[in-house]
1. Exactly one of these conditions fails for N181: (1) free of Cβ contacts under 8 Å to residues at least 40 places away in the same chain; (2) under 18 Å from the mean Cα position of the chain (by Cα). Give me its number.
2. I'm trying to understand the selection: among the residues of the stretch 195-225, which are of a type outside the set (S, T, Y) and assigned to a helix (DSSP H, G or I)?
3. Any residue in the stretch 187-194 that is out of contact with any strand residue (DSSP E or B) (no Cβ under 6 Å at 6 or more places or on another chain), within 29 Å of L6 (Cα to Cα), hydrophobic (A, V, I, L, M, F, W, C) and part of a loop (DSSP other than H, G, I, E, B)?
4. Any idea which of (1) farther than 21 Å from T29 by Cα; (2) in contact (Cβ under 8 Å) with a residue 24 or more places away in the chain; (3) away from the ligand (no atom under 16 Å from the Cβ) is the one A232 doesn't satisfy?
5. Does R110 satisfy being basic (K, R), more than 14 Å from the ligand (Cβ to nearest atom), modelled with pLDDT of 95 or more and closer than 21 Å to A126 by Cβ?
6. Could you grab the pairs with beta carbons closer than 6 Å, sequence gap of 6+ or different chains, first residue in the stretch 131-148 and at pLDDT 95 or above, second one loosely packed, with under 14 Cβ neighbours inside 10 Å and part of a helix (DSSP H, G or I)?
7. Report, by residue number, each residue of the stretch 79-111 that is touching an Asp or Glu at 6+ places or on another chain (Cβ under 8 Å) and among the charged types (D, E, K, R).
8. Taking T93 and the conditions (1) under 14 Å from the mean Cα position of the chain (by Cα); (2) of a type outside the set (K, R); (3) outside any helix (DSSP H, G or I); (4) within 12 Å of the ligand (Cβ to nearest atom), which numbered condition does it fall short on, given that it satisfies the others?
Amino acid sequence: MSRTTLVTLDVSPDAAAVAKKAAEHFAATVKQAVAARGMARVAISGGSTPKRMFALLAQEPFLSALPWDKLHLYWVDERCVPPADPESNYGVTKELLLDKVPLPASQVYRMEGELDPQEASSRYEALIRNTFKLEGAETPVFDLVQLGMGDDGHTASLFPHTEGIDEMGRIAFANHVPQKNTWRITLSWPVINAAREVVFLIEGAAKTDVLARVLTGPKDVETLPSQLIRPANGKLLFLLDTAAAAKLPSPHGGTMEWVG
Ligand code: 6PG
């Protein structure tokens, strides 16, 4: 079934400017959610791109402006390593953000990368069901999901030609990634698409070609899993730098109808 997604391309000159836009968008989305529902549930990604944003959120004006006591923080995906490992998405966020802001530890829901991947993903699914008070086959609705994109077109831990691309029934699961000879714990794409706000943070020349293929090339979710991200509300935001956006139809920003 073909869908049309209204894509907003917000292009900034460099990585520092993307991080500032991402922090401002994070803060505004959290405040809106708290105003509307009394709390904000956010799922963040790992990798290098969000690091600058984490550091900014731990500083003024965001440190004072954010309602930290109303924020519930989840992860989109995690590497199968202990929290102290430099590869740990949770570990990086703890060092750059969590150790510096008054976010209650009881509202930080990390994926247990140190456990067996199957067990860790089942525990995370149970935790989400419990904290979202889900019944039956209900899908959790995050207020904000932040994603990155790998230069191979993966997002979350939905890598090309992996079983995770076909996973639609579970909220979180363990995805085997042969190309990295590892397992990853990840949210499924239907859960990401159910979020009220989905944003990609993408920067650098290494992403120029893949981003253009994802948004303007033929539909091929096996090769470009980022094409699975079609939020149910029909809207998708990209916070980009000029290098990443260089081969897009509107390299300086704008909106486009993404049909596929
Ligand atoms: C992870 C991420 C992953 C990331 C992309 C982009 O755990 O690695 O969640 O999906 O967003 O790999 O990573 P960079 O920001 O480092 O390019």
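The values are calculated or read from the model by the stated rules, or taken from the named source; none is laboratory data. A quick note: this is a predicted structure, and the numbers were derived from the prediction, not measured. Reconstructed Cβ throughout: ideal geometry from the backbone, glycine too, with neighbour counts over all protein chains shown.
1. Condition not satisfied by N181: (2).
2. Of the residues in the stretch 195-225, the ones of a type outside the set (S, T, Y) are 195-207, 209-215, 217-222, 224-225.
Of everything in the stretch 195-225, those that are of a type outside the set (S, T, Y) and assigned to a helix (DSSP H, G or I) turn out to be A205, A206, K207, D209, V210, L211, A212, R213, V214, L215, P225.
3. yes
4. For A232, the exception is condition (1).
5. Numbers: basic (K, R): yes; more than 14 Å from the ligand (Cβ to nearest atom): no; modelled with pLDDT of 95 or more: yes; closer than 21 Å to A126 by Cβ: yes.
For R110, the condition - basic (K, R), more than 14 Å from the ligand (Cβ to nearest atom), modelled with pLDDT of 95 or more and closer than 21 Å to A126 by Cβ - is not met.
6. none
7. The answer is R79, R110.
8. (3)
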